[in-house]
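All remarks here apply to the structure that follows.
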Amino acid sequence: MHGPALSGWLVVVLCAVTGVYCLLRMRASAGEERRAAGGEAVMGFGMATMALPAAVLTPPEWSWAVYAAVFGGAALHGLAAVRHGGHHLHHLVGSLAMVYMAVSMAAPGAGAHAGHTAGTAGGIPVVTGGLLLYYMVYVLHAGTRLVPVAIPATAAAGGPGPTAAGGPGSAMAGRPGPGPGPSPDWAARPELALACRLSMALAMLAMLVTL
């Protein structure tokens, strides 16, 4: 079917590009941010592979067990790290969603990539609906956070200059930039990481809606 194949390719491209960006961000980051970027890269490439149209690649039956094992391990890692806060809870939900889709694809009668071509995969409606609701809320929340906030004209006109002696501007001028050492500017920009997560959430919605 031309329509589902086209949407599948769009998901593949979106997730693959996101995965590549997360790999680059992983190389330029350190500590907790590096681990988060690595997990998001695995998620992006895994989703890109899973979304490939059946006309291009018909995966063997055992491939769904591999998906379930890989993302089951990622879910256990996310469960252990969720106490640290941050985005670990979202990563945990994403890993569980990948396990759920892999199990649904492996169900008898579902067929390889059937959910992405004809909507016949064996998902559980309550679980699918809960995941769809979660990702819809996440997309709306992340989208509102990416909307630029206008700076009031009075604040822009009446604020102290950056070179005022003893003022806040001079204190900000002496502070080091974000990120560990000489990291590129794009690696320290939180809005790019949020846009990465938003892209994968949109792709996850497109994949879940076929179950």
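In summary, ARG25 fulfils each of the numbered conditions (1) of a type outside the set (Asp, Glu); (2) at positive phi; (3) surrounded by 21 or more Cβ atoms within 10 Å (Cβ to Cβ) with the single exception of condition (2).
The condition of being hydrophobic (A, V, I, L, M, F, W, C) and more than 27 Å from GLU191 (Cβ to Cβ) holds for only one of ALA65, ALA36, ALA16, that being ALA65. Only one entry of TRP64, TRP9 meets the criterion of being surrounded by fewer than 16 Cβ atoms within 10 Å (Cβ to Cβ), more than 17 Å from the chain's Cα centre (by Cα) and not in a loop (DSSP other than H, G, I, E, B), and that entry is TRP9. The residues on offer are GLY166, GLY158, GLY119, and the sole one that is open to solvent by 50 Å² or more (accessible area, probe 1.4 Å), at positive phi and modelled with pLDDT under 75 is GLY166.
Of all residue pairs spaced 6 or more apart or on separate chains, those with beta-carbon atoms under 7 Å, a first member in the stretch 189-200 that is open to solvent by 40 Å² or more (accessible area, probe 1.4 Å) and a second member that is part of a helix (DSSP H, G or I) are GLU191/LEU146; LEU192/TRP186. Are any residues in the stretch 28-41 surrounded by fewer than 21 Cβ atoms within 10 Å (Cβ to Cβ) and free of Cβ contacts under 8 Å to residues at least 60 places away in the same chain, and if so, which ones? Within the stretch 28-41, GLU32, ARG34, ARG35, GLY38, ALA41 meet the criteria.
Right, LEU92: modelled with pLDDT of 80 or more and open to solvent by 30 Å² or more (accessible area, probe 1.4 Å) or not? Criteria not met by LEU92.
When THR58 is tested against (1) in a helix (DSSP H, G or I); (2) touching a residue at least 40 places away in the same chain (Cβ under 8 Å), exactly one condition is not met: (1). Counting the residues of the stretch 25-55 that are closer than 18 Å to HIS87 by Cα and either in contact with a helix residue (DSSP H, G or I) (Cβ under 6 Å, 6 or more places away or on another chain) or outside any loop (DSSP other than H, G, I, E, B) (or both) gives 16.
The values are calculated or read from the model by the stated rules, or taken from the named source; none is laboratory data. Given the structure is predicted, the values throughout are model-derived calculations rather than measurements. Reconstructed Cβ throughout: ideal geometry from the backbone, glycine too, with neighbour counts over all protein chains shown. Only protein heavy atoms, including side chains, enter the accessible area calculation; ligands, DNA and RNA are left aside. Shrake-Rupley method; radii C 1.70, N 1.55, O 1.52, S 1.80 Å.
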